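One structure is given here, and the rest of the page talks about it.
The values are calculated or read from the model by the stated rules, or taken from the named source; none is laboratory data. Not measured: the values here are computed from a predicted model. For neighbour counting, all protein chains shown are included, and Cβ atoms are generated from backbone atoms with ideal geometry for every residue, glycine included. SASA here: full protein model, heavy atoms, side chains in, ligands and nucleic acids out. Shrake-Rupley method; radii C 1.70, N 1.55, O 1.52, S 1.80 Å.
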Amino acid sequence: MNENNHYQYGIKSTLAQCWAISGVWFLQLQLGAQVMISTVVIGALENNASKDVNESLSITSEEASWFASLLYLFTPVGNILSLLLLDRFGHKKCMILTNIPSIIAQVILYFAENVKILYASSILMALTLGFSNAPSLAYAGEVCEPKLRGALTSALNVFYYGGSIILTMVYSITMQWRQTVLLTTVFPIMTIAILLTTPDSPMWLLAKGKHSKAHRNLSRLRGKVSYEKCENEFQEMVRYNSPSNNDEPTSSTCRHNFIDQKENTNAWKHLFEPEVIRAFRLMTIYFLFMNLLSGLPLLPYLVSILKEFGAPVNVEWTISFSMALSIVGSLMAVFLIRSLGKRFLTLFTLSICSVCYIAIGLIGVYWKNAEPLKSWTVLVLFLITILISSVGITPVSWTLVTEIFPAKSRNILCSVCTGVCFIITFFMTKYYPELSILVEFYNLFTIVGIVGLFGCIYFFFFLPETENKTLQEITEFFK
């Protein structure tokens with residue numbers, strides 16, 4: 001095992017890394033709330049469903065599907081914008097900038113009087129979602145030491161679902177969707193305040209030729225240890241960022257190497273290297289199955305789905321409970337990733353979700369005349385998939401994307417991969433109502449579950465274990 005896998009730092013280092021990544025955590029809190037806004041708005045406005053007698057705005061089912069899916073259709077535009085600005089401004093400044101369209105979107109949504117304003121706010125939230133992913137994911141992967149990277153980055157989902165449950169609980173209490181949306185503007189304001197106190201990524205500073213500042217920031221991220229104590233890890237970063245990972249740059253030549261690299265290396269040309277193509281293919285397939293079995297494309301339609309199950313429950317509070325289950329699962333993932341590894345969690349959770357989806361479909365179609373037992377059974381199975389997916393396939397997907405790409409192309413590919421993920425989500429979200437009618441509601445669950453089992457077979461053969469590996473070791477696997 002590489003001796004640098006276990007750098008000897010103490011609790012101060014862990015706390016420093018937690019603080020550095022807290023800006024990313026709060027950004028995820030904000031994004032989790034924004035993704036659930038469509039669930040609240042559609043549940044309140046679709047076909048005059050609002051319980052507020054003063055609410056004049058109403059939307060049709062077709063308009064609801066567009067409002068929900070635009071959030072994912074325009075996400076790749078945000079990814080492209082982050083590509084243009086990330087190398088120039090760095091992760092920290094880009095994460096701060098992403099909060100501006102978020103605040104604007106929530107304010108105009110609060111004052112919305114027609115469906116066009118709903119669409120405009122959804123597009124702005126999509127730009128926020130897309131723009132934030134590459135800088136936040138890359139930053140999270142780069143500032144953490146290997147033994148903590150899996151746990152700290154998997155905690156992103158805890159905050160993501162935390163934002164979702166806060167929004168749904170506020171709505172369950174107030175039953176005023178406009179007031180709920182306005183209250184969530186506190187998230188981007190808090191995120192900006194925290195990010196102003198965090199350091200830039202040492203990896204990004206090295207890529208920009210800022211050798212001394214990178215070493216200083218690494219020392220800060222490891223609990224303000226001496227330069228000598230973090231020298232081994234720093235030299236690992238130097239080798240990882242060098243034009244050839246096999247080079248062994250010395251301290252006296254390191255600065256010149258990075259200046260030459262900055263001038264002569266075009267990150268785009270590395271996109272077609274074998275290790276990049278293999279990693280990108282794996283992530284694309286992973287995001288496909290994550291979307292299928294995590295229920296992400298179903299979020300805007302949770303109100304109608306829960307009503308279709310027919311269980312005698314309060315829909316709004318059941319949605320809040322489902323988000324609470326996601327938080328529990330994400331907390332479990334923080335601890336289980338280190339002990340069980342990402343590969344095992346992927347195979348285990350994907351297979352459980354697939355079996356549950358098949359069971360929901362078969363029970364819904366063939367178990368007749370058994371109400372309310374049938375309704376409770378399919379509801380419980382659906383909630384199990386939400387819990388289990390948040391333990392494995394969802395947090396692992398976002399952790400993998402932070403670590404499997406080479407340094408030279410990581411920023412680009414984090415943007416591209418998240419763009420691909422949300423394009424997949426767009427099509428699944430937009431056409432879920434049509435597919436549900438075409439193959440019938442419960443049959444759709446059966447089909448998705450069967451497809452998920454094929455995903456288990458694929459990952460059994462092609463998904464490597466990346467836990468407790470350095471970024472360089474992970475890159476070497478795909479060569």
(request) For the chain, count the residues as N, evaluate 2.2 N^0.38 Å, and divide the Cα radius of gyration by that value, please. (result) 0.98
(message) For a quick check of your reading of the filter: which chymotrypsin sites (Phe, Trp or Tyr not before Pro) in segment 95-139 sit in a DSSP loop and have no more than 11 other Cβ atoms within 10 Å?
(response) F111
(request) Between L288 and F272, with labels modelled 7 Å along Cα→Cβ, what's the label distance in nm to one decimal, could you check? (result) 2.3 nm
(message) So with the 1.4 Å probe, I'd like the accessible area per residue for segment 131-185, rounded to whole Å².
(response) 23 Å²
(message) As a test question: what accessible area, to the nearest 10 Å², does F461 have when a 1.4 Å probe is rolled over all protein chains in place?
(response) 150 Å²
(request) Calculate, in nm to one decimal, what L362 and A193 gain on full extension: separation in residues at 0.36 nm each, minus their alpha carbon distance. (result) 55.8 nm
(request) For E63, put the label point 7 Å out on the Cα→Cβ axis and report which residues of segment 32-47 keep their amide N under 20 Å from it. (result) 37-47
(message) For a quick check: with amide H placed at 1.01 Å from N, whose amide H comes under 5 Å from E46's, ignoring anything fewer than 5 positions away on the same chain?
(response) I59
(message) If you roll a 1.4 angstrom probe over the protein chains with everything in place, what fraction of the accessible area of the chain belongs to carbon and sulfur, to the nearest %?
(response) 67 percent
(message) Not counting ligands, DNA or RNA, and with a 1.4 Å probe, what is K368's accessible surface area in Å² rounded to the nearest 10?
(response) 120 Å²
(request) Under 14 Å from the Cβ of Y458, count the other residues' Cβ atoms, weight Lys and Arg +1, Asp and Glu -1, and hand me the total. (result) +3
(message) Between I450 and E231, what is the label-point separation in nm under the 7 Å Cα-to-beta-carbon projection?
(response) 6.3 nm
(request) From largest accessible area down, sort M175, M203, M169; use a 1.4 Å probe on the protein chains. (result) M169, M175, M203
(request) May I ask you to rank L345, L296 by accessible area, largest first, using a 1.4 Å probe over the protein chains only? (result) L296, L345
(message) Beyond 21 Å, how much of the Cα-Cα pair distribution for segment 363-479 remains, as a whole percent?
(response) 56 percent
(request) Taking the Cβ of A68 as the centre, find all other residues whose Cβ is under 14 Å away and add up their charges (Lys, Arg: +1; Asp, Glu: -1). (result) -3
(request) With the cut-off at 20 Å, report for segment 309-428 the share of all Cα pairs above it, as a whole percent. (result) 57 percent
(message) Set the bar at 22 Å for Cα to Cα. Now go through K210/K408; K342/K408; K307/K430; K12/K147; K210/K342 and name every pair that lies beyond it.
(response) K342/K408; K210/K342
(message) Could you report segment 356-479's accessible area per residue, 1.4 Å probe, as an integer in Å²?
(response) 38 Å²
(request) Pop out the ³J(HN,Hα) list for segment 326-338 in order, Karplus 6.51 cos²θ - 1.76 cosθ + 1.60 with θ = phi - 60°, rounded to Hz; leave Gly and Pro as x. (result) 5, 5, 4, x, 5, 5, 4, 5, 4, 8, 6, 4, 5
